[in-house]
Structures are given as C-alpha cells and as structure tokens.
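The values are calculated or read from the model by the stated rules, or taken from the named source; none is laboratory data. In this text, all values refer to a predicted model and were calculated from it rather than measured experimentally. Glycine gets a Cβ as well: all are built from the backbone with ideal geometry, and neighbour counts include every protein chain shown. When the accessible area is computed, the model is the full protein with side chains, heavy atoms only, and any ligands, DNA or RNA have been set aside. Shrake-Rupley method; radii C 1.70, N 1.55, O 1.52, S 1.80 Å.
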Amino acid sequence: MSARTVRIAPSLLSVDFARMADEIAMVEAAGADWLHVDVMDGRFVPNLTFGVKVIETVRRLTELPLDVHLMVVEPENYFDSFARAGASGLTIHAEAAPHLHRQLARIRELGCLAGVAINPATPLAMVSEIATDLDLLLVMSVNPGFGGQAFIPGAVDKLRRARALLDRAGSPALLEVDGGIARDTIRECWAAGADTFVAGNAIFSAADPGAEVAALRACCMEHA
Ligand code: DX5
Ligand code: ZN
C-alpha cells in the first residue's frame, strides 16, 4: 500500500546516562535509524536537558544521524554550535519561532535537515505556507517537556491531515511523531501517514532496548 520507509529514532531523554555508550551501541546494532536528542531550556518547556557538549559526545559515540529537537525559545541562538557539534537535523517549534521561513533556510545552509515541530494545541495551519521549505514535520503527541507521558489520541487524526497537507503541497518532508510511542500506539500513527517515530521510554525502559527497536518497526511493517 505504501512505499514509505519506517524510521525509528530512540530518544536519549530516557537513556541511562551511566550506561549511555552501551545503550546507544545496543540500539544502533539493532537497526535504529536515528538518535533523537531532546534539548530543553527550562523556558519553552518546564525542564532542562542537554547542550552542545552532550551533542559532541554523542556524535563521537555513534554513526547514527542525530535528530535534534529544540524545545527552546530563540532556537536560532543554537543553530551554529549544534550544527558544528554534529547535529544532522535541527527541529524548531513553530510556537517559539515567528520567522520560520528564514530559520529553516538557515538550518539548511548549515547542512542540516530543517524540521518544524507543533504542539498538540497548535493547528497544522501554522506550517501550511512553508510545507515545501521543510525537510521534516514533527507532530507532538504529548505536551513536550518530559518522557514517559501518555500518547494523546488526537495526534492520529492530526497526522492524517499533516500527511494530506504535505502530499497536496508536493512536499517530500518526513512526517515524525514524538511522545508516547510504543507498540500499542505506533501502528495507528504509521497507518495515518507518519514515517519517523521517536520513542524514549518504550525503548530504554525495555529489558532489551535493541529488541524493542525491532518490535516497533515490525508493528509498522505488519501494516505496510
Ligand atoms: C518529550 C520529548 C520526547 C520524549 C519522548 O518532550 O520531545 O522526545 O523523549 O519520550 P517518550 O517516548 O517516553 O514519550
Ligand atoms: Zn523530542
């Protein structure tokens, strides 16, 4: 039914930091496609996480593309240093970036995939005029800030509408979903048109994180 490729992006937010190198090696060996790196500034979201130093360190630990999700105000302040540190993609929040068109162009100039994320309460219309300026559209299926939250079911219909919006515009952008992705939620997101799946808690609190990467992918392929 579909030529879409499934991408699984384990989120470092849920990694055991004392065993980060081992856990990254496990998911890489199991075929994870990207690593998702959640940058939070305690302002756009009520939590603090990583900066440039962690991105540099992770860059040395893996060959996987680093999918950096910027949950920060004034994200443009971080583009150059994060790109230099080895980010492969930079995703900024529409709610935090009034000049999306300019900022996406800058991200591409730096050689990174340019992504836009929208919160559960944010309408898709926020990105309708820039559908062809994006390499990735991230539909949040939780309110950003924390791992391990419950999937918000309304994200499924939003993904369906996002897929239609991208197709209508002729945009080749990837459609990513982030928050509460697990075996019981990934199928309907795939069926709705998502192709790139962030999962933190589901992967890193599993007894075998590598096996969970494979299991999540298999959930999609059953419905390919
Ligand atoms: C939430 C982050 C997510 C988070 C997802 O604000 O953007 O990437 O790590 O975690 P889970 O998969 O546990 O919901
Ligand atoms: Zn994220």
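Below is a table of values for the structure above.
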quantity	calculated
Qualifying position, being open to solvent by less than 10 Å² (accessible area, probe 1.4 Å) and of a type in the set (Phe, Trp, Tyr), among 82, 17	82
Subset of the range 163-213 [among the acidic types (Asp, Glu) and more than 15 Å from ligand 2 (Cβ to nearest atom)]	167, 184, 188, 195, 208, 212
Residue in the range 97-111 that is over 21 Å from residue 38 (Cα atoms) and open to solvent by less than 30 Å² (accessible area, probe 1.4 Å) present	no
Unique residue being within 25 Å of residue 201 (Cα to Cα) and modelled with pLDDT of 95 or more when the list is 143, 77	143
Members of the range 161-184 that are surrounded by 14 or more Cβ atoms within 10 Å (Cβ to Cβ), acidic (Asp, Glu) and over 18 Å from residue 120 (Cα atoms)	none
Within the range 104-135, considering residues that are in a strand (DSSP E or B) and in contact with a Ser or Thr (Cβ under 6 Å, 6 or more places away or on another chain), the one nearest to residue 43 (Cα to Cα)	117
Search result, residues across the range 150-190 that are under 21 Å from residue 131 (Cβ atoms) and assigned to a loop (DSSP other than H, G, I, E, B)	170, 171, 172, 173
Restricting the range 198-210 to residues that are within 15 Å of ligand 1 (Cβ to nearest atom) and more than 17 Å from the chain's Cα centre (by Cα), the residue that is surrounded by the most Cβ atoms within 10 Å (Cβ to Cβ)	209
Any pair with Cβ under 7 angstrom, 6 or more apart, that starts in the range 106-119 at a residue that is in contact (Cβ under 8 Å) with a residue 24 or more places away in the chain and closer than 17 Å to residue 72 by Cα and ends at one that is open to solvent by 30 Å² or more (accessible area, probe 1.4 Å) and not charged (D, E, K, R)	118/126; 119/143
Odd one out for residue 117 among (1) within 16 Å of ligand 2 (Cβ to nearest atom); (2) surrounded by fewer than 19 Cβ atoms within 10 Å (Cβ to Cβ)	(2)
The lone exception for residue 195 - which of (1) open to solvent by less than 50 Å² (accessible area, probe 1.4 Å); (2) under 28 Å from residue 29 (Cβ atoms); (3) over 15 Å from the mean Cα position of the chain (by Cα); (4) not β-branched (Val, Ile, Thr) it fails	(3)
Any hit, the range 62-73, residues being more than 15 Å from the chain's Cα centre (by Cα), open to solvent by less than 20 Å² (accessible area, probe 1.4 Å) and within 27 Å of residue 6 (Cα to Cα)	yes
